[in-house]
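Have a look at the structure below, then the notes.
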Amino acid sequence: MADIARRATLERGYDPRGFAIFAIGGASAAHAARYAAELGGREVVVPPTASVHAALGLTSSDVVFESGVSDRAMFPPDLGRLNANFGRLIARATADLRAMEFDPADITIQRSLDLRYRFQCHELNVAFPPGAADLAAADLERFDTRFDEVYEQHFGPGSGYREAGKEIVTFRVTATGRIRKPALHKQPRGPASAAPAKKGERLVFFEAIGDFTPTAIYAFERMTPGMILRGPAVIESDVTTIVVGPGDTAMVDEFYSVRLTLGAKEPR
């Protein structure tokens, strides 16, 4: 799993050490802290909806239509050709959303190009700022610079090859119909002691220790925002099990998410 996370971050030019791991899935909270440690991360967030979070995301996600057309051209292209391609794609994607009864005010348009340096086999998708108004020469100048920045973000400083020129492979439009999102309400923090949530103790094996060790067991339903506990510990609920490793800490935040901080004396 850590290898998959590396491919999703390092291979796209992002340092995983600068991100929190978000635990999704009923079993994820038992393992996420160890994946984070392998990646050099320091924080794991376990939402109270962890076991059904993917389904929650599906039901609260915006509706998105993507359209594209292959039309190879040297960059910068003729503005008439550029805007005509995007115009046809916008009309198609917008019609799909209007057929689903989305109001025009709730529709956003994102245009992008699959672009590459000439003589290369692989292209990168780079977006223009959101909007549907015709693009002008100044927009292409900014886009030109943005492509070079994105390329070096992916492949390293100095990897760009502006002298080769650039080639457009595909014109793309993403039309998004916004829907109402669930309202999240912050709760006030209470006492830091997690003693009221402790329901017992049992032996648990931790690889970091190399043996079974007495471990405090906590009931999630008794925990309230502001509570802090230190590992080794296990937080149990009806839908997931959160493992707090030796040297790690856990804190319940204002949204009832459990935030694990790896190897820290105090959670953030």
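Determine the gain in length on full extension of the stretch residue 133-residue 195; use 0.36 nm per residue of separation and subtract their C-alpha separation, reporting nm with one decimal.
Working: separation 62, 0.36 × 62 = 22.32 nm, distance 5.91 nm.
Taking 0.36 nm per residue and subtracting the Cα distance, the gain is 16.4 nm.
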Note down the net charge around residue 209, summing +1 for each Lys or Arg and -1 for each Asp or Glu among other residues with Cβ under 15 Å from its Cβ.
0
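Fewest to most neighbouring Cβ within 10 Å: what's the order for 119, 171?
Values: 119 9, 171 23.
So the ranking, lowest neighbour count to highest, is 119, 171.
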Relative contact order for the range 62-177, counting Cα pairs under 8 Å that sit 6 or more residues apart, in percent:
48
Intensity falloff of the range 62-177 expressed as log10 I(q)/I(0), Debye formula with alpha-carbon point scatterers, at q = 0.10, 0.17, 0.21 Å⁻¹:
-0.31, -0.82, -1.12
Charge-dipole axis of the range 197-237 as Lys and Arg at +1 and Asp and Glu at -1 on Cβ define it, positive-most pick from 226, 215, 203:
226
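What percent antiparallel are the DSSP beta bridges of the chain, to the nearest 5?
Working: 49 of 56 bridges.
Bridges in the chain that DSSP calls antiparallel: roughly 90 percent.
What does the charge add up to near residue 130, with Lys and Arg as +1, Asp and Glu as -1, over the other residues with Cβ less than 15 Å from its Cβ? Please report the intermediate quantities before stating the final value.
Numbers: positive: 111, 142, 146, 172, 178; negative: 62, 66, 106, 134, 139.
So the surrounding residues net to 0.
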In which sequence would 79, 184, 89 go, from the one with the fewest C-beta neighbours within 10 Å to the one with the most?
184, 79, 89
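Apply the membrane-span-like helix rule to the chain: whole DSSP H runs, Cα extent along the own long axis of at least 24 Å, mean Kyte-Doolittle hydropathy at least -0.5. List the helices found. Don't skip to the end; give the middle numbers.
On the way: long enough: 79-99 (30 Å, 0.07); 137-155 (27 Å, -0.98).
Span-like helices in the chain: 79-99.
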222 nm mean residue ellipticity, helices alone, for the chain (DSSP H n ≥ 4; -39,500 (n - 2.57); rounded to 500)
-8000 deg cm²/dmol
Just one of (1) 1.10; (2) 0.93; (3) 1.56 is Rg/Rh (Cα atoms, Kirkwood Rh) as worked out from the coordinates here. Which one is it?
(1)
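At a threshold of 8 angstrom on Cα-Cα distance, excluding pairs fewer than six apart, so keeping six or more, what relative contact order does the chain reach in percent? Intermediate values should be presented prior to the final figure.
On the way: 520 pairs, mean separation 55.8, N = 268.
Reported as a whole number, the value is 21 percent.
Bear in mind that the values in this text are calculations on the coordinates, not laboratory data. Owing to the predicted nature of the structure, the values given are computational and were not obtained by experimental measurement. Every residue, glycine as well, gets a Cβ built from its backbone with ideal geometry; the counts of neighbours run over all protein chains shown.
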